[in-house]
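Worksheet: one structure, shown below.
What follows draws every value from the coordinates through simple rules; no lab data is involved. None of the values given here were measured: they were computed from a predicted structure. Glycine also receives a Cβ, built like all others from the backbone with ideal geometry; neighbour counts cover every protein chain displayed.
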Amino acid sequence: MRAALRRLRALAPEPSPQDPRLMSISGAVLWGSGGTLVLATFLINRAPGTVEPVILGVVVVAYVVTTVLVLLRNVLRPWVFPFIVALGSLCITALAYFDGAPASDYALLYLWAALYAFYFFPPSIAFAELGLIALLSGVELALREANNVPVSRWMLVVGTSFVAGAIIQALVSQVRNMADHDGLTGVANRRRLELELHREMVRGGRSDAGVCVAILALDHFKAFNDELGHPEGDKHLRVTAEHWRVELREGDLLARQGGEEFAVVLPDCTLRDATAIADRLRAAVPHGQTASAGVAQWNGQESSASLLGRADAALYEAKVAGRDRTVEAAAAISEAGQADLPQSWAKVLPQVLEQRSIRFGYQPILNLADGALFGYEALARPHGAGIELSVESFFAAAHRMGYGRDLDWLCRRVCLESSREEITQGPLFMNVGVPALLAPVHDVDQMLMLVEYTGWRPQDIVLEITERDLISDLERFQEVLGHYRDEGFRFAIDDVGDGHSTLEVLAAGAPEFVKIARRLTAGASQPGARAAVRAVTAYAASLGSMVIAEGIEDDYQADLMRDLGCHMGQGFALGRPRWRVASAVEEERPALRVVGD
């Protein structure tokens, strides 16, 4: 038995937060069912010698406890329930002792008390309840049959309660472990991360102890998987997690958020110390692979979602800056005092997606040679969200918080659904985010469904890819663009001169259209910007691409950009966008099913 006890303690996890409401309802079910069964057996077949007032008194107690548990289910505290189970064991002992039968069947109810204790209580309290059951059942048997105590019956009662309780405890331990840990690496999962972070923030709020979080991601993990295969990739994640656990302090929590991304909760830690720990973890990644990290320190007031959001934003900045580095998150409140906080984004973004709070517009694109209308660019902005953010900040926040693809598809759908009523001529230019474009779940078939659903043809759609999106996998980029082109879609590289890896992206994408960033347009009167525009137009000519100048504000800029080799232009001088607001209510048309994550 001692070996079994040691095994049981090894299996049992640290007690998880108990839910008093669930404990109350479960206890009420047991007490109510037990009282009803006792009353039914008493009425059907009572043995001679049964002390009826005691049996009926226990039934009344059972119903009273049931009522109390139901009425006070929201106010009872976990420490109350061991006493309620002990009371139940005493009532079972009274039933067994005052029952007239030689071997009372009421002793079976001890099993109920044991199962409840081993399910809800930590091992120490559960075994204390089992010890009480053993004591009470032994005393009951000794008093009933003083000259011939049936030890075998006592052993069956106690042994059955122990075995059943041990099995329940082991199963509960396994389920809790599965619920709190990542199945691949064995570290904590997102659920455990949020629970522990909340707990540390509560503790830190009481003691002024610093709480930091770090979010780390393995660099170019997709390439690692593609080169060596997913089994090796899984093994690499496991080995990395093992190396990182060795590097962490006692009390730190390592969790896997998904894919190649991990988070660490760092209690009693300053931002400087957290940065040092993150650097140490990055250095411990095996196989010579690098990692990027973002760290943030709790400001004592923000939510856990806000804290994680700031660390995730810092990780995003580390990736954009070239990876293989640690970036410290900005303070939770901006100097301007604007409501551009991650906790605000967390509320606004789901609201925008749910209510389709999108303001859309269509800006004309004109031929610079003769002023003829060539086409339109579809524009989308958040509307009525109760927060003022720049377009770049809003969409960047969406990507960092996991809403990027959903927001991207909502903007596409809103613009295409309404554009047929607004646009009568020329192609429609539409911005698409690189993460959504390259995502396997949002392939060309999904875009074809959307185009067909809204009454467009692929030949009339130009997908704009902004250079502000970092494209790390150029081979995948070329492959995806090829699939879209096979169906008739065309592409434009947007914001050329104001983004990442211009020549690489242009060469890989070979776009039908090149759009010069408004910053270059505005500065084209200066020699440096003018030379840059000439270089872009010359390179576009070698690719066979048409050049569109953005941000033309007056006739002088229009003439200058035309003379520098730009074929078309857009801007307030050529035509302002016509804005509309998307309705939160779906139109009465067949539903479109878009596969998501």
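Structural descriptor for the stretch 245-327: relative contact order 25 percent, calculated from alpha carbon pairs under 8 angstrom and at least 6 residues apart. Highest average first, the peptides 99-105, 515-521 ordered by how many other beta carbon atoms sit within 10 Å of their residues are 515-521, 99-105. Each principal axis of the Cα cloud of the stretch 32-84 was evaluated for its coordinate range; sorted largest first, these ranges are 42, 16, 13 Å. Put simply, the amide H of LEU253, placed in the peptide plane, has neighbours under 5 Å in VAL265, leaving out anything fewer than 5 places away on its chain.
Karplus-based coupling profile of the stretch 543-554, in residue order and whole Hz: 8, x, 9, 7, 10, 10, 8, 9, x, 6, 9, 7, with θ = phi - 60° in 6.51 cos²θ - 1.76 cosθ + 1.60 and x standing for Gly or Pro. Between ALA531 and LEU71, the modelled labels are 8.8 nm apart [label points 7 Å from Cα along Cα→Cβ].
Note on ARG191 and LEU143: the model spin-label points, each 7 Å out from Cα along the C-beta direction, lie 4.4 nm apart. Simple spin-label estimate for ALA522 and ARG46 gives 9.4 nm between the two label positions (7 Å along the Cα-to-Cβ direction from each Cα).
Legend: calculated FRET efficiency, GLU452 to LEU56, from the Cβ-Cβ distance at R0 = 60 Å, rounded to 0.05, equals 0.20. Computing FRET efficiency as 1/(1 + (r/R0)^6) for LEU271 and ALA101, where r is the C-beta to C-beta distance and R0 is 60 Å, gives about 0.25. Annotation: extensible slack from GLU553 through ALA507 equals 13.6 nm (criterion: 0.36 nm per residue apart, minus Cα-Cα distance).
Computed about the Cα centre, the dipole magnitude for the stretch 56-171 is approximately 280 debye when only Lys and Arg (+1) and Asp and Glu (-1) carry charge, each at its Cβ.
For the peptides 78-91, 219-232, the ranking by packing is 78-91, 219-232, with the highest mean count of neighbouring Cβ atoms within 10 Å listed first. Rounded to the nearest 20, the Cβ-based charge dipole of the stretch 218-326 about its Cα centre (Lys and Arg +1, Asp and Glu -1) stands at 100 debye. Extension gain, ASP279-LEU171: 0.36 nm per intervening residue step, less the Cα-Cα distance, totals 35.0 nm.
Summed over all non-identical Cα pairs, the Kirkwood treatment of the stretch 191-256 gives a radius of 14.1 Å. Here the calculated FRET efficiency for LEU184 and TYR63, from their Cβ-Cβ distance with R0 = 51 Å, stands at 0.55, rounded to the nearest 0.05.
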